[in-house]
Ligand code: Q46
Ligand code: ZN
Ligand code: ZN
C-alpha cells in the first residue's frame, strides 16, 4: 500500500476514510484533523492558556503533543489516584507523563497527589464509602472532576482539554441512548461551556479521531505511553459498548463517525433540548467550588464520611 500524498510506502491505512498515509503524512493529517476540530468549534484561541488532563495513556499524551506542536500555551495536569491493581498502574502512568515532559522543554505540568493531599488513595476512599460496590469508578469520576476544575480555576486557565476520542464519545452516546438518559445526551458535546465561574470550559479536540488513529499517531511519533488500561476498567460497560461498536465498524467502516456526526447534527437543530432547570449553585464552604448541595460539596463530603459496613 502506498501513501496517497507522496506514493512512498504507507504505514497506516484508514478504511473508513479510504486513505493510506506514510510516516510523514500521517502525523500531518492527524494534526490537521485536530486543528480543524479546534477551529470549527472555536474551542480556544491563540491567547488562551490551556490545561490538558493527562493520564499517561495514548490519547491524552497525543493531545498534549499536538497542542504543543500547534503552538498553544498548554500545561499538563496529572492526577495521581494511587491505583496499584498489582501492576503499579499509577506509578507507571505518572512515569510516562514525567518522561513525556522531560523530553519537551516547554511541557510543564502539575501533579495532584490524592493520597498526599487528602490522606487516602482512590481505592482506599472508595472502599470506605461504597457499600458492596466493587468498582471505584464513580468516586474516581468525582475526584477527577473536582481536581480538574480546581487546578483550572486556581491556575487561571481558559479551557480544560481532554483526550476523549471518537470511540469514547460514541460509546458514551450509545450507552446514554440505550437508557434514554436525555439529560446526559443533551450535555454531550465537543465543547462544554463554563456554566459557572468556578467550573472550567471543557473541550475535546480529538472527538472525530478514532482510538486506533491516536494510537497510530503516538506510535509513529515515538510517544511512549502506558499500554495497560486502568485495572478497574476490566469488565466496564463502556468497554463492552466499544466492542459492539468496533464489530459494526469492522463490517461497515465509517459507522462510528456517521453515528456521532448524525447526533451532532440532530443536537444542533434542537433534537435533544436540555430542559433548563435553574439549579441554584453556591460556593462549597470548604473548597469554594460551585455546588447545589447545602454546605459542603459532594467531593468535600467524601472525605468526612464514616466507613460503611459491608
Ligand atoms: S474511572 Fe475507573 Fe477509569 Fe478511574 S478507576 Fe480506573 S477505570 S481510571 S477512566
Ligand atoms: Zn506520504
Ligand atoms: Zn468542596
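Values for this structure:
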| item | result |
| --- | --- |
| Chain lengthening between residue 228 and residue 261 when straightened (0.36 nm per residue, less Cα-Cα) | 8.9 nm |
| Packing-based order for 110-122, 78-90, using average beta carbon neighbours within 10 Å, highest first | 78-90, 110-122 |
| Relative compactness, region 1-101, computed as alpha-carbon Rg over 2.2 N^0.38 Å | 1.31 |
| Inter-site label distance for residue 238 and residue 91 at 7 Å from Cα along Cβ, in nm | 2.6 |
| Cα long-axis angle, helix 237-251 against the chain (0 to 90 degrees, to the nearest 10) | 10 |
| Sequence of 255, 32 once ranked by neighbouring C-beta atoms within 10 Å, starting from the fewest | 32, 255 |
| Length added when fully stretched, residue 113-residue 279, from 0.36 nm per residue minus Cα-Cα | 56.6 nm |
| Per-selection Kirkwood Rh - the chain (Cα, Å, 1 d.p.) | 20.8 |
| Helix 137-154 axis, angle to the chain major axis (alpha carbon atoms, nearest 10°) | 90 |
| Relative packing of 158-171, 63-76, which averages over residues the other C-beta atoms within 10 Å, highest first | 158-171, 63-76 |
| Förster-model FRET efficiency, 25 Å R0, residue 248 and residue 36, C-beta, rounded to 0.05 | 0.50 |
| Simple spin-label estimate for residue 268 and residue 48 in nanometres, 7 Å along Cα-Cβ | 1.9 |
| Estimated [θ] at 222 nm from DSSP helical runs (n ≥ 4, -39500 (n - 2.57)) normalised by residues in the chain, nearest 500 | -13500 deg cm²/dmol |
| Globularity ratio of region 224-310, using Cα Rg and 2.2 N^0.38 Å | 1.72 |
| Fully extended contour minus Cα-Cα distance, from residue 135 to residue 306, at 0.36 nm per residue | 59.7 nm |
| Helix axis angle, 58-69 relative to the chain longest principal axis, alpha carbon, degrees | 70 |
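Taken together, the values in this text are just the output of simple stated rules run on the coordinates, not laboratory data. Note that this is a predicted model, so its numbers are computed, not measured. For neighbour counting, all protein chains shown are included, and Cβ atoms are generated from backbone atoms with ideal geometry for every residue, glycine included.
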